[in-house]
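Participant: First, the structure itself, so that you have it in front of you.
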Amino acid sequence: MTEDEAVAAVRQWGEAAPDAVLLDGFHALKHALRFGADVRLAVAADKKAVLTLAGQLADDLTGTLDERLVEIPARALKELLPRVHPTGVAALAARPARRANLDTLSRAPRRAPVVVLDNPRNLGNVGAVIRLAAGFGATGVVTTGDLDPWHPNAVRAGAGLHYATAVERLPLPELPPGPLYVLDPEGDDIRSVTLPDDALIAFGSERHGISPELRERATRLVALPMRPQVSSYNLATSVAMALFHWGGPAPV
């Protein structure tokens, strides 16, 4: 890589960054590429080290990364990012078209639920939930409230798996169609309930729980089993338990 090419990459980064999704670190870039993200630019301070890591963890992408990674000086990478990921690589990608995501979320029949996060407050938790939803094959994750589920901190926590499921922020009146199962301590034990494939499974915020507005819209309230005097589970843990229950027993 020549010095001119490195300078051009830094300039391109500055021009593209305001409208792009930041893929911070090797795993975010890896997953984004695997699930069809339009990666506009990928940079690394040590391209050889990143390719070595790819050979160990993602051999299917070694050739792609070799073609697309631009090596820039370490000091330049530090200037481009709020903090440099330990893997020393970052990329910019286009955000999926909102219309396409909305079509996916509303398409019927759905083969897997949509996870609804009601006014979440922690970006790390949102990213962790998206990562779970992608792993379970959920149709998507919808958030309400003012937090952007595509914030760089959420994308980082989700390891780039925003591209493996439909992620959007919507007001309550515009939630996708389908029966709404709301997690609430006063609900029926989830183990006695069958969650349909087209369900919306809704979870309250980390501090305040489900909003009265969403609770009123519920088709059914369901509760996770919990030992007395334990106040709550982590949001991502709750989502994992609900999706595991939806998935049912392993095939024989």
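The values are calculated or read from the model by the stated rules, or taken from the named source; none is laboratory data. Since this is a predicted model, take the numbers as computed values, not measurements. Note that we place each Cβ from the backbone using ideal geometry, even for glycine, and neighbour counts take in every protein chain shown. Accessible surface is based on the protein model in full, side chains and every heavy atom, while ligands, DNA and RNA are left aside. Shrake-Rupley method; radii C 1.70, N 1.55, O 1.52, S 1.80 Å.
Participant: Using the per-residue mean of other Cβ atoms lying within 10 Å as a proxy for protection, in what order, highest first, do the peptides 143-149, 181-187, 70-76 fall?
Facilitator: The packing order, highest mean first, is 181-187, 143-149, 70-76.
Participant: Give the residue from Q229, N125, W13 lying farthest towards the positive end of the charge dipole for the chain; charges sit on Cβ (+1 for Lys and Arg, -1 for Asp and Glu) and the dipole is referred to the Cα centre.
Facilitator: My answer, from the dipole projection, is Q229.
Participant: Which one, [x] 147; [y] 109; [z] 130, gives volume of the Cα convex hull per residue in Å³ as derived from the coordinates shown?
Facilitator: Derived directly from the coordinates: [x].
Participant: Right, next: Between V43, V167, V193, where does the largest GNM mean-square fluctuation fall for the chain, given springs only between Cα atoms within less than 10 Å?
Facilitator: Highest fluctuation of the listed residues: V193.
Participant: Here is a follow-up. Where is the GNM fluctuation largest for the chain (alpha-carbon springs, 10 angstrom cutoff): D19, D198, D189?
Facilitator: Evaluated over the chain, the most mobile residue of the options is D19.
Participant: Tell me the chymotrypsin sites (Phe, Trp or Tyr not before Pro) within region 1-88 that lie in a loop according to DSSP and have at most 15 other beta-carbon atoms within 10 Å.
Facilitator: F35
Participant: Something else now. Using just the helices of the chain, give the 222 nm mean residue ellipticity in deg cm²/dmol: DSSP H runs with n ≥ 4 each add -39,500 (n - 2.57), and the total is spread over all residues, rounded to 500.
Facilitator: Calculated mean residue ellipticity at 222 nm is -11000 deg cm²/dmol.
Participant: Answer rounded, prolate or oblate for region 193-245, using the Cα gyration tensor with square roots of eigenvalues a ≥ b ≥ c: rounded when a/c is under 1.5, else prolate when a/b is larger than b/c, else oblate.
Facilitator: The shape class here is oblate.
Participant: Further, regarding this structure: Which FRET efficiency value, to the nearest 0.05, is calculated for R11 and D59 with the Förster distance at 30 angstrom and r the Cβ-Cβ distance?
Facilitator: Calculated value: 0.40.
Participant: Using Cα pairs under 8 angstrom and six or more residues apart, how large is the relative contact order of region 98-247, in percent?
Facilitator: Averaging sequence separation for qualifying contacts and normalising by length gives 28 percent for region 98-247.
Participant: Using a Gaussian network for the chain with springs between C-alpha atoms less than 10 Å apart, which of these wobbles most: A154, A28, A100?
Facilitator: Result: A100 has the largest fluctuation of those listed.
Participant: If you average the sequence gap of Cα pairs under 8 Å that are 6 or more apart and divide by the length of the chain, what percent do you get for the contact order?
Facilitator: Relative contact order for the chain comes out at 20 percent.
Participant: On to the next question. Measure off, as a whole percent, the carbon and sulfur share of the 1.4 Å-probe accessible area of region 3-94, all protein chains present.
Facilitator: 48 percent
Participant: Let's test the formula: R0 of 51 Å, r as the Cβ-Cβ distance of D19 and S232. What FRET efficiency results, to the nearest 0.05?
Facilitator: Plugging the Cβ-Cβ distance into 1/(1 + (r/R0)^6) gives 0.85.
Participant: If you don't mind, another one. Counting heavy atoms of the protein chains only and a 1.4 Å probe, report the per residue accessible area for region 98-247 as a whole number of Å².
Facilitator: So region 98-247 comes to 47 Å² accessible per residue, rounded to a whole number.
Participant: How would you classify region 98-247 from its alpha-carbon gyration tensor, with a ≥ b ≥ c the square roots of the eigenvalues: rounded for a/c under 1.5, else prolate if a/b is greater than b/c, otherwise oblate?
Facilitator: rounded
Participant: In addition: Can you list residues whose amide H is under 5 Å from A112's amide H, if they're 5+ apart or on another chain and H is modeled 1.01 Å from N?
Facilitator: Answer set, sorted by chain and number: T139.
Participant: Continuing with this model, one more query. Treating the beta-carbon of each Lys and Arg as +1 and of each Asp and Glu as -1, no other charges, what is the dipole magnitude of region 58-213 about its Cα centre, to the nearest 20 debye?
Facilitator: Magnitude of the dipole: close to 440 debye.
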